[in-house]
Structures are given as C-alpha cells and as structure tokens.
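Working notes for the structure below.
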Amino acid sequence: MRFLLDAEQLAFADSLHAMLTAADTPAVVRDWSRGEHASGRALWARIAAAGVFALAVPEEHGGVGPRPVELAVAFLELGRHAAPGPLAETVAAAVLLGETPRAKEFLPGLAAGTDIATVAAPTGFALDGDAASLCLSPTPQGLFRSATAPGVVRRSLDPARRLTPLASDGELLVAGPAGGQALAWTRLATAAQALGVGLALLDRTVSYVRRRTQFGVPIGSFQAVKHRLADAKTALEFARPVLFGAAISMRPADVAAAKLTACEAAYTAARTALQLHGAIGYTAEYDLSLWLTKARALRAAWGTPDECRDLVLADGLG
C-alpha cells in the first residue's frame, strides 16, 4: 500500500512551511526558552488560524475534525521548524475534553487558538503549564482541571520544553479513567513532530557538509560522510509511511510503531548532524541545537522507545 498525500494536503503543508519560515521560529524558540511568551503566543495564533488545532476538534465545536492524517501533515511542519509550546498536549486536551459534557465550553477556544492547553504526564508535571490557560490532569479517578502548583519551572533537555508542577487537586470535569484515545492522538502528533525535526536536521547537515571543506574539497564528498547521511535519510523515509499508515488506522499499536520509528529516525539524524558538524554542533548559540535537543526530548515524550516496543509486541503476539 502507498501512502501518498493528495494535492490539498500537500498545499496545506506548503502553506504552513511558508508561514513558519517567515515567522523566524529560532528566535521564537529562544524567547520561549527564557519564559518570554509574547512571540510564542503570536505564533500560536497564526498556527491556529491555519486550522491546525481545529483538526482535532469536531465540527459541532468549531473544528473541522477529527482528521488525523492532516494533523500529521501539520505537525511534521511544526517539527521541521521547531515550533515551541504544548502543541501535542493541546491536541490531547481537545480529544480528552471532547469526551466530556463540557466540550462546548472549552473546544472552540482550543480550535481558535485563544486558549493554550497542556496535559500532565504521570510524573505530575505538565509541559509549559506557565503559558497554558487550561491545565488537565487525566487520572484513573477522572479528568481534572488543575492549577499550576507553587514551585520552580523545570527545564528539560530541550530548553524550550519547560515543565511545570500541577496542583494535586482540581475541578473534576468527568469521572472515570481518562486517557484512552487521547494518548494515541498525542503520540501521533509527537511522532510527526519528531519526523519533521529529523528532516530539518538532515537538511541542515547536508547544507553544512557542502560548505565546509577539508583538504581543499567539501567534506560532503567523503564516502564516510555520504554513508552517514544515507543511513539517516533511509531511516527518515522509512518512518514516513509508518506515520501516515498509523494516522489512517489510529490503532494504538500502529501509532506506537509510528512514534518509535519516527523518534528513532530523528535521533539517528541528530547523532549524524552532531558528528558531522563537529564542535560547533554542541554550542547553544548555533541554531542546530534547537533541533538536536528537541529530537532527544521527543524520543521519551508520551512513550519511551521501550514502552512503544512493548505495545507493538503485545499487539503482534495477541
């Protein structure tokens, strides 16, 4: 089976790429890393105006969804440009809230981008809770709306992914185990982001090895360099149909396979980029670092490689 995007989906990707390129996302990411959210909120509004968050919101609540394939297309571009903020978490919040009686209260704001949402991980920390207007805590007892707790905002491996502690109590929105399908949507969005990050790392590395010279020739002409780049390219291209296949089926095991494949491919691209850039790749001032750290952080977000492998294996054995 071939998973090819149609003309409308390709045009959607091109429009997002053009918008994000013009937005100078590296500068926005650096502001966001310092806790300065003004430029990030402006970018968030433009992303929402392009219809990205509406893809996870049903039409009756101001969205155009659910459309997971188009969501994967959008998040691939968001990853390619290293857009900051709780992007996948807002998608998770939209899916979680869609299962509650108060969906019409929250979902139009998420689709329009007037609200930013985040969802607590099992650790009790939520991504960018200090910037979010809506913080959700899914638990076995139910879905709670929580407030940020007093405490220091923690910086993860990716400085733009700021972890905020949430209060242990809050307003109960719906009783009963919360999560379910929302986890699959979150993993799909994270996988698409990771694939975009990996593609950006590869593009930047190819451009770099064409410019940098040793012994009077570009280092990109060396056979060893070509092999490393070819391995990274192969891994990323293999991940692409796995991602879009999962977006079509939305089976939890398929989405776990997509996240595993895309995140491992992005991690391979990050290691290759770091090795071929040399010492400059380690510096925080160099823009490459924005994608390097994100590739590593996304690898463990919403399911480690081992957790995803276990789910895929259990599904196969079942």
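Of note:
- In this simple spin-label model, placing a label point 7 Å from the Cα along the Cα-to-Cβ direction at both Arg154 and Ser207 gives a separation of 3.5 nm.
- Estimated Rh, region 194-233: Kirkwood, alpha-carbon pairs, angstrom: 10.5
- Entry note, the chain: relative contact order of 17 percent, from Cα contacts under 8 Å with a spacing of 6+ residues.
- Modelled spin labels at Arg271 and Ser133, positioned 7 Å past Cα toward Cβ, are 4.3 nm from each other.
- Cα-centred dipole magnitude for region 7-175, charges only on beta-carbon of K, R (+1) and D, E (-1), debye, nearest 20: 420
- Basic side chains Lys and Arg get +1 at the Cβ, acidic Asp and Glu get -1 at the Cβ, and with that the dipole of region 166-318 about its Cα centre reaches some 800 debye.
- Directionally averaged projected area (region 7-175, Cα convex hull): 9.4 nm².
- Summing charges over neighbours of His81, with a neighbour being any other residue whose Cβ is under 14 Å away from its Cβ, gives 0 when K and R count +1 and D and E count -1.
- Using the Cβ of Val153 as centre and a radius below 12 Å, the other residues enclosed give a net charge of +3, where K and R count +1 and D and E count -1.
- Rg/Rh for the chain (Cα atoms only, Rh after Kirkwood) is 0.97.
- Approximating the spin labels as points 7 Å out from Cα along Cα→Cβ, the Glu60-to-Leu313 distance works out to 4.2 nm.
- Of Val52, Gln9, Ala117, farthest towards positive along the dipole that unit charges on Lys, Arg, Asp, Glu beta carbons give region 7-175: Ala117
- Share, in percent, of DSSP beta bridges within the chain that are antiparallel, nearest 5: 80
- Counting 0.36 nm for each residue step from Thr304 to Gln223 and taking away their Cα separation leaves a gain of 25.8 nm.
- Alpha-carbon Rg with Dmax, taken over region 181-317, Å: 16.1, 55
- Largest-first ellipsoid semi-axes for region 120-252, taking √(5λ) over the Cα gyration tensor eigenvalues, angstrom: 41, 21, 9
- Rg/Rh for region 71-145, where both radii come from Cα atoms and Rh is the Kirkwood radius: 0.97
- Cα gyration tensor category, rounded, prolate or oblate, for region 135-187 with a/c compared to 1.5: oblate
- In the chain, the calculated helix contribution to ellipticity at 222 nm averages -19000 deg cm²/dmol per residue, counting -39,500 (n - 2.57) for every DSSP H run with n ≥ 4.
- Extension gain from Arg34 to Thr114, taking 0.36 nm per residue of separation minus the Cα-Cα distance: 26.6 nm
- Among the lysines of the chain, pairs at least eight places apart or on separate chains and with Cα atoms under 26 Å apart come to 4.
- Shown in residue order for region 9-25 are the 3J(HN,Hα) couplings computed by the Karplus curve 6.51 cos²θ - 1.76 cosθ + 1.60 at θ = phi - 60°: 5, 5, 5, 4, 4, 5, 5, 5, 4, 5, 5, 6, 4, 6, 7, 6, 4 Hz (x for Gly and Pro).
- Contour excess over end-to-end distance, with Cα ends at Ala45 and His17 and 0.36 nm allotted per residue: 8.5 nm
- Here, region 1-96 has an Rg and a Dmax of 13.7, 45 Å when only alpha carbons are counted.
Every number in this text was worked out from the coordinates using simple rules, so none of it is lab data. Everything numeric in this text was worked out from a predicted model, so none of it was measured. Cβ sites come from the backbone with ideal geometry, for glycine too, and all protein chains shown count toward neighbours.
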